[in-house]
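Readers should treat all values here as calculations from the given coordinates under stated rules, not as data from a laboratory. Note that the structure is predicted; figures quoted are calculated from it, not measured. Quick reminder, even Gly has a Cβ in these numbers, built from the backbone with ideal geometry, and neighbours come from all protein chains shown.
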């Protein structure tokens, strides 16, 4: 496993590569708000052999640069993902996205349908959904994010994120890691940029966008309090041929708490050819 930075349009994006190259298409993992590549740490070792695996930190998260003047809406993240694929000379790939990472994956599939072989969308929002991709997280934090001290904003966000975990100990460790980049003044500005972009978003694309036609697998926790299972059923109806697997007892952060089921779902999707 190795990690490095790519300069995409004047912003450094961190990614690491894993897996083994073979006949299988590469798999690219996209996290959601406000997480990072850490989300996939337990999924990657369980992936089937023969696939190049690329795990990135979206702009403004993890080790990647802070947004500064760069846009962090769904469309802009999708454009940078396309640029990353081109930079890494990945001609065809499976995209796996969690939360808004799944919405970004859908946007990429609409822009580059021939370049995306499969989509695995985990607790995501339909691309043309009128509900904001950030859901209750942005509703809970955005109204006062510009005015209250950073520590209070982080505290509220921490509490809301914890609803997405069944294991309080894991929640505490992971959430502290995810929110660490937002703790100082520059981090607060980055967090506000993310929240503003999510508040403006209506799924990241216009409602007249062509539908996603890529072979798609959906994965959901039946106790997801962040993006409820009803959203998964709506997403299934919006994507022709999409399958929906439900993990009993699981909440929102299934890549962390149910990594084997996530890896098996991806493997099953890849076997569909």
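Values computed for the structure shown
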item: Spin-label model distance (nm) - residue 222 vs residue 248, 7 Å beyond Cα toward Cβ; result: 0.6
item: Reference-scaled alpha-carbon Rg (2.2 N^0.38 Å with N residues) for segment 228-272; result: 1.21
item: Convex hull of Cα atoms in segment 67-113, direction-averaged projection (nm²); result: 3.4
item: Mean Cα-pair separation over length for segment 1-115, i.e. relative contact order, pairs under 8 Å, 6 or more apart, %; result: 30
item: Of all DSSP beta bridges in the chain, antiparallel share, percent nearest 5; result: 35
item: Value of Rg/Rh across segment 1-62 [Cα atoms, Kirkwood radius]; result: 0.98
item: Volume per residue that the Cα convex hull of the chain spans, once the total is divided by residue count, Å³; result: 112
item: Column: log10 I(q)/I(0), Debye, Cα scatterers of segment 1-108, q = 0.21 Å⁻¹; result: -1.14
item: Relative contact order computed over the chain (Cα-Cα under 8 Å; 6+ residues apart), in percent; result: 21
item: MRE, 222 nm, helices only [DSSP H, n ≥ 4, -39500 (n - 2.57), over the chain, to nearest 500]; result: -11000 deg cm²/dmol
